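Right, one structure below, let's go through it.
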Amino acid sequence: MAKAPEDVLVVIYDQEYHMRGQLDPEYIHKLAKFLDGKMRSIAGRSHTVDSLRVAVLAALNIADEYHQMKARLDSYEKQVDERLHRCQEAVDHILKQAV
């Protein structure tokens, strides 16, 4: 029988949220702490007190970080694929000469 999702209380930007899902409660707390930190950092830099505006700015900041990291990952994957292809060609060349 599947375990029922646990109710997890988190505080983000001085607001309490009851979260429920399949994620580990410690991980949910880690995510909430990360978001709270982003929002507080943005609020401090922008001198904004409107929590909705701070949340949107935090979401944009996180989306930017995500897309930059994804672009780097895509670039690394392309480099690895190119190197793998060169290695495969080298092995094929060596095997043809050995025959």
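Take the residues in the stretch 49-79 that are surrounded by 14 or more Cβ atoms within 10 Å (Cβ to Cβ) and over 18 Å from the mean Cα position of the chain (by Cα); name whichever of them is farthest from residue 10 (Cα to Cα).
Per the stated criteria, the residue is 54.
Within the stretch 23-48, how many residues are loosely packed, with under 12 Cβ neighbours inside 10 Å and among the small types (Gly, Ala, Ser)?
1
Any residue at all in the stretch 44-53 that is at positive phi and out of contact with any Gly (no Cβ under 7 Å at 6 or more places or on another chain)?
Yes, because at least one residue in the stretch 44-53 is at positive phi and out of contact with any Gly (no Cβ under 7 Å at 6 or more places or on another chain).
Here is a list: 58, 98, 90, 71. Which entry is without any contact (Cβ under 8 Å) to a residue 40 or more places away in the chain, under 26 Å from residue 47 (Cα atoms) and hydrophobic (A, V, I, L, M, F, W, C)?
58
Limited to the stretch 30-46, what total is found for residues that are touching a strand residue (DSSP E or B) at 6+ places or on another chain (Cβ under 6 Å) and of a type outside the set (D, E, K, R)?
Matching residues across the stretch 30-46 total 2.
Looking at 57, 52, which one is closer than 30 Å to residue 7 by Cα and touching a Ser or Thr at 6+ places or on another chain (Cβ under 8 Å)?
57
Coordinate-derived values only; no laboratory data. Note that the structure is a prediction, hence the values are computed from the model and not measured. Every residue, glycine among them, receives a Cβ derived from its backbone with ideal geometry; neighbour counts consider all protein chains shown.
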